[in-house]
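Below is one structure, written out as structure tokens, with a few remarks after it.
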Amino acid sequence: MAMTQTRAQNTIEGVPPGPRWPRAVQTAWWAARPLSLMRYCRRRYGDVFTVRPYGFGDIVLVADPGLIKEVFTGDRDVFAAGEANAAMSPVLGRHSLLVLDGDRHLRQRKLMLPPFHGEAIGRYRERIEQITAAEVATWPLGKPFKIRPRMQDITFEVILRAVIGVRDPQRLQRLRELLPKLLDFSVLDMWSVWLFPKLIDTPIGRRHASQRVRPEVDRLLYEEIAAHRAEPEGRDDILALLVSARGEDGEPLSDEELLDQIITLLLAGHETTTTGLAWAFERLVRHPAVLQRLESELGKGEDDYLDAVVNETLRVRPVIDGVWRKLTAPAVVGGYHLPAGTLVFPAITLVQTSEAFPDSDEFRPDRFLDGSPPPYTFIPFGGGPRRCIGASFAIMEMKTVLSTVLEQIELRAAERRPEKPRVHHVTQVPSRGARVVARAR
């Protein structure tokens, strides 16, 4: 009790300062140019500040590594990630790992973790190499094209063949046709879900392309789950491992739970890996010396520089701006006694471009060859018990695709001007699709 009283005497009641503009202005800026808003606020208010867009209440952004550690390692029943993501449950499903908290989250995570373990994912490398090589063979030579859609084709195929393990040719082809439509939603659509979660179950919401195809996607995925249960022999895809998983109570994941996790992997995992790869190529073609060194190291069979390139890409061009926690009880963050219901937002973009990284806006993979960055300054996959479960798979996939592409073709930038980040769904993508020109080796 004495500790609680002492802390209370040294804290400020309420949220940190932030811009006083009308909510409409803050909403528009946050929706259209979140990086600009966050950097402005950090310059003006420091590493802890508050923004107030419509639909969210107060959002306290945190850019200090020590405070981010407190949020990530704090009481998971108070700093609730699932509660913060609850608005996405109509899209992801009520069993999605992203919307669960407490014991339910812990059970699902324990069941899902083994297939995504660092050693387990190695079995998929050859399959990803084959998928990538087949895609690269279709690329135009000598003329500009956007590489991000090509990365999307690769990551979709990886999901279908390595994660879900679809064998039936007709089902595979139909999912290839439907899944891009499932992801066909704009920033406005995302904000509609956040501001009006029940809209998705109305006739207006169901008319949207992504919702029109959702019933057939669900049906096809349930068929695939049934096929995995009926014929488990000889399968090594991630869905097969999830189907065979058993909890401490001996119970398997239900069909609905499996469906929700597959949809989560599709919507969260696929989009982020696609964008991370697009940024890697966008940065590499604008830094010829880095690209040349990477090609040389890959030719020698060395992986260290490839690791550094992937890490530096995810640092300087993080795919998402930050992660959410919703306070289920009052808590102290950065000297402020925040009320229950406050959203706390560890800002990945801000902490990864902090003074911990000299010349932080520069693309310099060498910085990752000199040792690990300070704790909680490099958090592209979040942290603590809610760290992205697919992080190891995503890194392996990025490394495999990058090395396979660069072994087959030479790339250069289609134009000298760098591409700026642009909001797409919940990610920050290259504004012009990461345009490159390819040449056969």
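The values are calculated or read from the model by the stated rules, or taken from the named source; none is laboratory data. All values derive from a computational prediction rather than experimental measurement. As a convention, Cβ positions derive from the backbone with ideal geometry for all residues, glycine included, and neighbour counts pool all protein chains shown. Just the protein is used for accessible areas: all its heavy atoms, side chains included, with ligands, DNA and RNA removed. Shrake-Rupley method; radii C 1.70, N 1.55, O 1.52, S 1.80 Å.
Quick notes on this one:
- Elements of type helices (runs of 4 or more DSSP H) contained in the range 34-132, each with 3 or more residues being closer than 21 Å to Gly341 by Cβ, touching a residue at least 24 places away in the same chain (Cβ under 8 Å) and not small (Gly, Ala, Ser): 65-73
- For the range 410-424, a tally of residues being surrounded by 14 or more Cβ atoms within 10 Å (Cβ to Cβ), in contact with a Ser or Thr (Cβ under 8 Å, 6 or more places away or on another chain) and not in a strand (DSSP E or B) returns 1.
- Extreme residue, least open to solvent (accessible area, probe 1.4 Å), among residues of the range 93-122 that are basic (Lys, Arg) and more than 16 Å from Gly384 (Cβ to Cβ): Arg107
- Val429 vs. criteria within 30 Å of Pro53 (Cα to Cα), open to solvent by less than 30 Å² (accessible area, probe 1.4 Å) and not in a loop (DSSP other than H, G, I, E, B): yes
- Across the range 362-375, the qualifying residues are those that are modelled with pLDDT of 95 or more and out of contact with any Phe, Trp or Tyr (no Cβ under 8 Å at 6 or more places or on another chain), and the one among them that is nearest to Glu297 (Cα to Cα) is Asp366.
- Matching entry among Gly250, Gly234, Gly276 (being without any contact (Cβ under 8 Å) to a residue 60 or more places away in the chain and open to solvent by less than 50 Å² (accessible area, probe 1.4 Å)): Gly250
- Condition check for Val351: open to solvent by less than 40 Å² (accessible area, probe 1.4 Å) and closer than 30 Å to Arg127 by Cβ: no
- Matching residues, the range 385-401, being surrounded by fewer than 21 Cβ atoms within 10 Å (Cβ to Cβ) and part of a helix (DSSP H, G or I): Pro385, Ala391, Ser392, Ile395, Met396, Lys399
- Enumeration of residues in the range 126-143 that are more than 25 Å from Leu183 (Cα to Cα) and touching a Lys or Arg at 6+ places or on another chain (Cβ under 9 Å): Leu141, Gly142
- The residue that is surrounded by the fewest Cβ atoms within 10 Å (Cβ to Cβ), among those in the range 21-35 that are more than 16 Å from Pro346 (Cα to Cα) and either under 21 Å from the mean Cα position of the chain (by Cα) or among the hydroxyl-bearing types (Ser, Thr, Tyr) (or both), is Ala32.
- Looking across the range 86-101, the residues that are closer than 25 Å to Ser244 by Cβ and at pLDDT 90 or above come down to Arg94, His95, Ser96, Leu97, Leu98, Val99, Leu100.
- Flag for Thr313 being open to solvent by less than 10 Å² (accessible area, probe 1.4 Å), modelled with pLDDT of 95 or more and in contact with a Ser or Thr (Cβ under 6 Å, 6 or more places away or on another chain): no
- Pair list, Cβ under 8 Å, 6 or more apart: the range 352-363 residue more than 8 Å from Val316 (Cβ to Cβ), other residue modelled with pLDDT of 95 or more and among the aliphatic types (A, V, I, L, M): Ser354/Ala63
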